[in-house]
Structure formats: C-alpha cells, structure tokens
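Nothing in this text is a laboratory measurement; each read-out follows from the coordinates by a stated rule. Not measured: the values here are computed from a predicted model. Reconstructed Cβ throughout: ideal geometry from the backbone, glycine too, with neighbour counts over all protein chains shown.
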Amino acid sequence: MLKFTWTHIERHQLITFNYSPDNPELKEYWDNRDARVSRTKAENENSKFQANIYKRQKYCCPICHQNLIYSEEDIHLHHIIPRKKNGGDDSRNLIYMHQSCHYKLHAKGTNTPEALKLLGLTPADYLKLERITQTWHNRQRQDKK
Ligand SMILES: [Zn+2]
Ligand SMILES: [Zn+2]
C-alpha cells in the first residue's frame with residue numbers, strides 16, 4: 001500500500017510542470033508576461049487620460065472649432081500653462097488641437113492675452129489653472145518621496 005502511494009506521487013510529479021515564477025526555465029516567460037501586463041495597464045491608463053481630455057473639449061479644436069476625431073491633420077497636445085512656466089501634465093492643463101492651429105496659437109505667444117483669447121479662456125480661468133498645476137507639482141513631489 002505504501003509503495004503504491006509512493007509510485008503514484010512520483011508519476012504525478014513527472015507530469016506536473018512547474019509554472020512557478022521561481023522556476024528558472026520559465027523566468028523569461030514570466031518577465032515577458034509582467035512586462036506585457038504593465039504595458040497594457042499603462043496603455044489603458046494613457047488612453048483613459050487622453051479620452052478625458054477629448055471629452056472635456058467635446059472633441060473639438062479650441063482654435064478652429066472643428067471636430068478633431070475625423071481630422072486628417074496631425075493632432076497636437078498643447079500645455080495651456082507652458083512647462084517652462086511651471087505648467088504640469090494635469091489633464092486640465094492639456095488640450096488637443098490641430099497641428100496648424102497649434103502653430104497659429106504659438107505665433108501669439110504661449111500665455112499672452114491673445115493666446116488665451118484664442119483658447120477661449122479668461123484670465124480667471126488661467127489663474128485657476130495655475131493653482132491646479134501647482135497642486136499637480138506638489139503631488140508629483142510627494143509621489144517621489
Ligand atoms: Zn483646429
Ligand atoms: Zn503648445
């Protein structure tokens with residue numbers, strides 16, 4: 001009886017493959033799998049982030065008011081408060097527009113009254129954004145700790 005059990009266990013071990021992440025033979029498999037999972041997660045989060053910006057601006061270019069989704073032109077992502085002026089990557093500081101509209105906007109300067117007018121923003125909106133991006137920067141600093 002004992003002998004029988006022993007044989008049974010041995011046979012069982014022979015046909016059971018070790019799928020554990022600690023199995024060195026499978027290390028590459030698990031590395032690739034982890035990379036794939038985190039890449040998909042990042043892609044999903046990124047597309048959610050982009051979709052939020054599009055939704056907020058109702059899929060329209062703020063400069064020419066045409067729909068961005070069906071545009072054949074390249075779409076650019078503009079920082080309303082420029083990075084140089086402490087603007088962060090908070091989605092509320094980002095806005096999609098056509099490439100040509102983007103150039104038109106930058107020709108007015110980045111955060112001049114004319115540029116803000118083109119974007120349909122008031123100086124009060126701008127001040128609000130400054131606070132939002134400040135909060136974004138503080139949060140980034142905290143995450144790094
Ligand atoms: Zn446009
Ligand atoms: Zn820009």
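Here is how the numbers come out for the structure above:
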{"item": "Principal axis dimensions, largest first and in whole angstrom, of region 37-91 by Cα", "result": "39, 32, 19"}
{"item": "Members of Lys84/Lys117; Lys85/Lys128; Lys58/Lys84 lying beyond 18 Å, as alpha-carbon distances in this model show", "result": "Lys84/Lys117; Lys58/Lys84"}
{"item": "Mean Cβ neighbour count within 10 Å, used as a protection proxy, ranking 120-132, 82-94 highest first", "result": "82-94, 120-132"}
{"item": "Estimated dipole of region 60-144 in Debye, rounded to 20 [Cβ of Lys and Arg +1, of Asp and Glu -1, Cα centre]", "result": "460 debye"}
{"item": "Cα-based convex hull volume of region 60-144 per residue, rounded to whole Å³", "result": "92 Å³"}
{"item": "Mean Cα-pair separation over length for region 60-144, i.e. relative contact order, pairs under 8 Å, 6 or more apart, %", "result": "31 percent"}
{"item": "Relative packing of peptides 98-105, 46-53 - highest average C-beta neighbours within 10 Å first", "result": "98-105, 46-53"}
{"item": "Percent RCO, i.e. relative contact order, over region 61-106, from Cα pairs under 8 Å lying at least 6 residues apart", "result": "44 percent"}
